[in-house]
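Student: Below you will find the structure I want to go over with you.
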């Protein structure tokens, strides 16, 4: 019988390999369904640190006015102080600019990371954009380019605050030009880069969206309480790359029928080379992602399923786009419950730090958790089959000329 540990290691190794080859131009959904959904994502964004263990997910319980928070790692007294400080800042703020000292203290790393990503995505397509942009749009382009010329360090100084505000304004102006950019780029290749730029522009402008959050908190601040979801342990894994052992021979037994032993060996060697880690060992810390932990706690402990009419959609916010594993898990979990969980920011890519949640740690939702876990494992298996098929076709293309020459010169 395969142990839980073996399943987790195998899953992490598969996800690591898929992460290396994935390429998606899909944009997350940034059109919010309602104000609460909008506010939850903004709270999560401001509370997220930028470190792997610092991603925050949020849910607001209207009947009790409780803001539930979960993070990647276990929460501590610093997190509690941070949440209290953020609520206090929101009560007194006149605009998102008043939140910048808080952001510089607790989330500078995340801000800098988003602006770095914006710089890289702009640099990839800047030359093409400059060629087709009209004068007014070229001005917006040049303005952002100038602001990003030097690495941005975000700290609690007037200079850093002003530059960040200017970057947000320039990003917003450039976003207004995107309809003309997209019509000028019929090439699917160019639109991949354009989509990436739009995504990173939107992620920077999102900080300005705190104005709606300020409005909400100042009208309800006396009622709001904060509850951190208890943490679960993280786990350090060493991935040695058993993908070839677990998948390759079974796949080839199915795929290769009409080749002689020598050709089969050549195909296997080429595919094994592509599927083997370059590094000897990869260290990764896996954890139950905060969105999953939040859903499990609210369903199992708080009992929200009995507090809303069947078919109600409950929104969770996240400080980072929800990964493909979480998306698959939530969809399958929802099939077992009457009140459905929804998330806004979807990534579709799968992260290899995804830890399988343990259904035995819950009291009432073991079946739903297992359903979610099974959906993730099946999705990853499909991804691996697709990857093996691509590598198989590549191996055939690579070896075909060699086989043809050998056959030609043997006659």
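Student: Given the structure, is residue 94 surrounded by fewer than 17 Cβ atoms within 10 Å (Cβ to Cβ), part of a loop (DSSP other than H, G, I, E, B) and in contact with a strand residue (DSSP E or B) (Cβ under 9 Å, 6 or more places away or on another chain)? Step through it out loud before you land on a result.
Tutor: Details: surrounded by fewer than 17 Cβ atoms within 10 Å (Cβ to Cβ): yes; part of a loop (DSSP other than H, G, I, E, B): yes; in contact with a strand residue (DSSP E or B) (Cβ under 9 Å, 6 or more places away or on another chain): no.
It is false that residue 94 is surrounded by fewer than 17 Cβ atoms within 10 Å (Cβ to Cβ), part of a loop (DSSP other than H, G, I, E, B) and in contact with a strand residue (DSSP E or B) (Cβ under 9 Å, 6 or more places away or on another chain).
Student: Inside region 234-343, counting only helices (runs of 4 or more DSSP H) that do not spill past its ends, which hold 2 or more residues that are surrounded by fewer than 12 Cβ atoms within 10 Å (Cβ to Cβ)?
Tutor: 249-255, 261-275
Student: Something else: Checking the conditions here, which among 365, 316 is more than 23 Å from residue 55 (Cα to Cα) and touching a helix residue (DSSP H, G or I) at 6+ places or on another chain (Cβ under 7 Å)? Step through it out loud before you land on a result.
Tutor: Values: 316 fails: more than 23 Å from residue 55 (Cα to Cα).
Step by step, each of 365, 316 is checked, and only 365 is more than 23 Å from residue 55 (Cα to Cα) and touching a helix residue (DSSP H, G or I) at 6+ places or on another chain (Cβ under 7 Å).
Student: In this structure, is residue 201 within 25 Å of residue 50 (Cα to Cα), in contact with a strand residue (DSSP E or B) (Cβ under 7 Å, 6 or more places away or on another chain), buried (at least 18 other Cβ atoms within 10 Å of the Cβ) and in contact (Cβ under 8 Å) with a residue 24 or more places away in the chain?
Tutor: no
Student: How many of the residues making up region 127-152 are surrounded by fewer than 16 Cβ atoms within 10 Å (Cβ to Cβ), at pLDDT 85 or above and either in contact with a helix residue (DSSP H, G or I) (Cβ under 8 Å, 6 or more places away or on another chain) or under 15 Å from residue 170 (Cα atoms) (or both)?
Tutor: Adding up the residues that qualify gives 4.
Student: Please tell me if residue 80 is in contact with a strand residue (DSSP E or B) (Cβ under 8 Å, 6 or more places away or on another chain) and part of a helix (DSSP H, G or I).
Tutor: Yes.
Student: Pick from region 51-63 the residues that are surrounded by fewer than 22 Cβ atoms within 10 Å (Cβ to Cβ) and in contact with a helix residue (DSSP H, G or I) (Cβ under 9 Å, 6 or more places away or on another chain): which of them is farthest from residue 327 (Cα to Cα)?
Tutor: Out of the qualifying residues, it is 62.
The values are calculated or read from the model by the stated rules, or taken from the named source; none is laboratory data. Since the structure is predicted, the reported quantities are computational estimates derived from the model, not experimental observations. Here Cβ is always computed from backbone atoms with ideal geometry, including for glycine, and neighbour counts include all displayed protein chains.
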